[in-house]
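Peer 1: First the structure, then my questions, so here it is.
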Amino acid sequence: MSELHWPALSKARAHDPAARLPFFIGDARVGSVARCHLDALAGCAALAIDTQRVCLVEPAASRDAAWSALNRRLRDEGRISGWRDESFSVFAADGIEVLAVIERAAARFWGTLTWGAHATGYVADASGKPSHLWIARRALSKSTDPGRLDNLIGGGVPHGQARFDALLREGWEEAGLDAGIVSRATPGSTIELLREIPEGLQHERVQAWDLALPAGLQPANQDGEVAAFLCLPVDEGLALAASGEMTVDAELVTLDFALRHGLVGDPARWQTALDALRPRPPGRVAIL
């Protein structure tokens with residue numbers, strides 16, 4: 001196998017902390033705000049802003065409503081794009097305790113932690129070793145990363161839904177796979193991204209799964225978000241995943257898969273690089 005480079009490893013933590021101000025809910029740090037957006041927040045009664053931080057000070061009983069109104073104003077001003085009318089949880093630093101609820105599109109503006117659920121689809125040979133990889137091509141109509149390559153299943157985890165349940169839902173919506181098939185997925189690793197993107201800061205923990213599919217099964221997109229599926233021999237699939245054409249999170253999930261299945265050369269090198277992207281402390285991450 002020719003040497004692969006996995007550009008997502010350097011992109012996963014590409015950000016400038018000095019360009020953003022820490023964002024708190026009460027005493028809990030939950031994200032960060034770009035300094036270039038502070039002018040749009042000045043004078044908002046729900047916020048306290050100083051030179052060290054931005055803090056949401058609205059009482060818990062009215063917090064979500066006040067924050068929603070602010071985010072809609074920011075949307076109308078062009079500061080938040082890709083509005084989805086989908087709620088995401090706002091987590092404390094442990095990634096478990098939920099402190100508030102936010103519109104999905106606003107999470108990048110505030111740099112809050114989100115969760116993703118992805119599965120690498122593959123076909124195995126008679127010995128059980130992966131022989132082919134399934135790779136999806138995102139639709140050009142997608143608001144983020146249109147036309148780029150992706151895992152067979154991948155999506156955000158909305159408020160109130162467990163990560164495995166999100167995987168089951170996305171399995172049907174994206175690939176037409178029923179719960180009986182997707183429920184056979186086996187867990188891989190959790191990977192944490194913290195990087196600047198056009199919408200703001202992507203702070204995301206992605207839970208990876210592996211999903212073995214029978215030869216001859218053809219995924220079929222249901223929600224219009226996938227343009228095509230490719231089933232490629234492992235070497236070709238990995239080379240394509242590491243070419244820079246895949247989304248950053250999907251590329252890292254694919255690398256994680258390849259390492260656990262012994263499919264890449266110089267595994268110690270890539271394992272060390274991927275381990276640097278694990279959530280800290282790792283013991284607080286549960287597969288739900």
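Peer 1: Place a +1 charge on the Cβ of each Lys and Arg in segment 17-113 and a -1 charge on the Cβ of each Asp and Glu, then give the dipole magnitude about the Cα centre in debye, rounded to the nearest 20.
Peer 2: Working: 12 positive and 12 negative charges, 60 e Å.
Around 280 debye, computed over segment 17-113.
Peer 1: Another question, if that's okay. Test of understanding: in a Gaussian network model of the chain with alpha carbons linked when under 10 Å, which of P59, P187, P219 would top the mean-square fluctuation ranking?
Peer 2: Comparing P59, P187, P219 in a Gaussian network model of the chain, the most mobile one is P59.
Peer 1: Another question, if that's okay. Which of the listed residues, G244, A136, G31, is farthest toward the dipole's positive end in the chain, when Lys, Arg count +1 and Asp, Glu count -1 at the beta-carbon?
Peer 2: G31
Peer 1: Okay, next question. Near E174, within a Cβ-to-Cβ distance under 12 Å, what is the net charge of the other residues, with Lys and Arg +1 and Asp and Glu -1? Could you put the intermediate results ahead of the total?
Peer 2: Working: positive: R137, R138, K142, R169; negative: D150, E170, E173, D223, E225.
Cβ neighbours under 12 Å give a net charge of -1.
Peer 1: Through the Karplus equation 6.51 cos²θ - 1.76 cosθ + 1.60, θ set to phi - 60°, convert the phi angles of segment 177-192 into ³J(HN,Hα) values in whole Hz; use x for Gly and Pro.
Peer 2: These are the phi-based 3J(HN,Hα) values: 9, 6, 4, x, 7, 5, 5, 7, 4, 10, x, x, 10, 10, 10, 10 Hz.
Peer 1: Dimensions of segment 186-236 along principal axes (Cα, Å, largest first)?
Peer 2: On the principal axes, segment 186-236 reaches 40, 27, 23 Å in Cα extent.
Peer 1: So what's the net charge close to D39: Lys and Arg +1, Asp and Glu -1, counting the other residues with Cβ under 12 Å from its Cβ? Display every interim value, and only then the final one.
Peer 2: Details: positive: R35, R79; negative: E77.
Its environment carries a net charge of +1.
Peer 1: Can you give me the orientation-averaged projected area of the convex hull built on the Cα atoms of segment 78-160, in nm²?
Peer 2: On the way: hull surface 30.1 nm².
The Cα convex hull of segment 78-160, projected and averaged over all directions, gives 7.5 nm².
Peer 1: When a/c reaches 1.5 or more, the comparison of a/b and b/c decides; with that in mind, is segment 17-113 rounded, prolate or oblate per its Cα gyration tensor? If you can, show how the numbers build up before the last one.
Peer 2: Numbers: a/c = 1.24, a/b = 1.01, b/c = 1.22.
In terms of gyration-tensor shape, rounded.
Peer 1: A239 versus A276, label points 7 Å from Cα toward the beta carbon: distance in nm?
Peer 2: Each label point is offset 7 Å from its Cα along the Cβ direction, giving 2.7 nm.
Peer 1: Follow-up question, since we're still on this one. Please list, in order along segment 137-145, the HN-Hα scalar couplings obtained from phi with the Karplus expression 6.51 cos²θ - 1.76 cosθ + 1.60 (θ = phi - 60°), rounded to whole Hz, x for Gly and Pro.
Peer 2: 10, 5, 5, 5, 7, 5, 6, 10, 6
Peer 1: Let me ask something else. Quick one: what does P(r) look like for segment 92-212 with 5 Å bins over all Cα pairs, in whole %?
Peer 2: Going from the shortest bin to the longest, the percentages are 2, 10, 18, 22, 20, 14, 8, 3, 1, 0.
Peer 1: Separate question: Loop-only check: which GluC sites (Glu not before Pro) in segment 1-109 are DSSP coil with at most 16 other Cβ within 10 angstrom? Numbers along the way, then the final one.
Peer 2: Working: sites: E3, E77, E86, E97, E103; in loops: E3, E77, E86, E97.
Here the GluC sites (Glu not before Pro) that fit, given the DSSP loop and packing criteria, are E3, E77, E86, E97.
Peer 1: Rounded to the nearest angstrom and ordered from largest down, what semi-axes does the equivalent ellipsoid of the chain get from its C-alpha gyration tensor (root of 5λ)? Please list the in-between numbers first.
Peer 2: Numbers: eigenvalues 245, 77, 57 Å².
Over the Cα atoms of the chain, the ellipsoid semi-axes are 35, 20, 17 Å.
Peer 1: Give me the Kirkwood hydrodynamic radius of segment 126-285, using the inverse of the mean 1/r over all pairs of distinct Cα atoms, in Å to one decimal. Working shown, then result.
Peer 2: On the way: mean 1/r = 0.0611 Å⁻¹.
One decimal place: 16.4 Å for the Kirkwood radius.
Rule-based calculations on the coordinates, nothing more; no lab input. Treat the numbers as computed from the prediction; the structure is a model and nothing was measured. Using ideal geometry, Cβ is built from the backbone for each residue, glycine included, and neighbour counts are taken over all protein chains shown.
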